[in-house]
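Rule-based calculations on the coordinates, nothing more; no lab input. Note that the structure is a prediction, hence the values are computed from the model and not measured. No Cβ is skipped: glycine too gets one built from the backbone with ideal geometry, and neighbour counts run over all protein chains shown.
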Amino acid sequence: MEDLEAETYPGVNTLFHAFKRNVERIPNNEMLGTRVEGGFKWKSWSFVDDQATNISYGLEAFKLAPEIEAEGITYKFIGIQSKNREEWTTLHIANMHQSITTVAFYDTLGPEASKFMIDQTEMTTIAVSKDYIPKLTKMKNDDEFGKMKSLQNIIVFEEDTPEEHLKEATDSGFSVYTLKQIYEKGKEVGGKFIEPKPETCAAFSYTSGTTGDPKGVKLTHQMLLQTCLAVKTRFDNSLTGSK
């Protein structure tokens, strides 16, 4: 791991450390933008850091990512499904603060593939935009083979989820939290970081499962940081004309 640090920056051998380095280096620069009328509304690196830090404390306080043993490794999982939006990235960064592995769900998977992923990872929590709550409720109600049994919690990004959708979810056995509620809980109770190691999986990326069940690709912090370094090296060389 010392070689990786030498090739990046001192002390940077995980995505978590890379993020924190930029928070220290360019705290007031724009990081995440949301499209609004007339352009974008931006959040700075320090603002996102505050959000992610306190959300991570809230995740731990509510015990939303319990430890799971598999293949001799201890994992913690949280799923995320939504269109591209700042909350997706903020929660993913919050997960890094607690060595939680993000599992990305996307629309082309379909319900059966999603059930398989939930069952395989034994995840207890998934974060979604409000339009996915009825879909999750239906998946749980239609689950014949117990593949949804581990999923107990939904984190919803918005504050204005229709009451009937919340009631249907809770009647199906889900506990529903808003991301703001997670943040406020974390800010209230505080906590500490459980920093990832280079070999910690930052994410599982599942295939679409067109030839059977989805296959989960394990993406470690070291792998992703090395990829970033390779892109940077290639980009720098293109500017200087080197090969």
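Observations, loosely collected:
- Counting DSSP beta bridges with both ends in the chain, the antiparallel % (nearest 5): 45
- Theoretical ellipticity at 222 nm over the chain - DSSP helices of four or more residues, -39500 (n - 2.57) apiece, nearest 500: -13500 deg cm²/dmol
- Between residue 220 and 202, the built amide H atoms are under 5 Å apart, and every one of these is 5 or more places off in sequence or on another chain.
- Selected from 230, 61, 94 as most flexible by GNM, with the chain as the system and alpha-carbon contacts under 10 Å: 230
- Net charge of neighbours whose Cβ lies under 15 Å from the Cβ of residue 139, counting Lys and Arg as +1 and Asp and Glu as -1: -3
- Links that overshoot a 20 Å alpha carbon limit, given the list 130/167; 43/135; 135/218; 63/185; 130/218: 43/135; 135/218; 130/218
- Whichever aspartates and glutamates have a C-alpha closer than 19 Å to that of residue 41, once near sequence neighbours (fewer than 8 apart) are set aside: 30, 49, 50, 86, 87, 158, 159
- Between 225, 91, 15, the residue with the greatest mean-square fluctuation in the GNM of the chain (Cα pairs under 10 Å linked by springs) is 225.
- Of the cross-linked pairs 83/180; 20/215; 187/232, those separated by over 24 Å at the C-alpha level are 20/215; 187/232.
- Loop trypsin sites (Lys or Arg not before Pro), region 121-193 (other Cβ atoms within 10 Å of the site Cβ: 15 or fewer; DSSP): 149, 192
- Backbone HN-Hα couplings from phi across region 144-152 [Karplus 6.51/-1.76/1.60, Hz, Gly and Pro as x]: 8, 10, x, 6, 9, 5, 6, 6, 10
- Loop-exposed GluC sites (Glu not before Pro) per DSSP, neighbour cap 10 Cβ within 10 angstrom, longest uninterrupted part of the chain: 160-243
- Pairs of Cα atoms nearer than 8 Å and 6+ residues apart set the relative contact order; for region 2-233 it is 23 percent.
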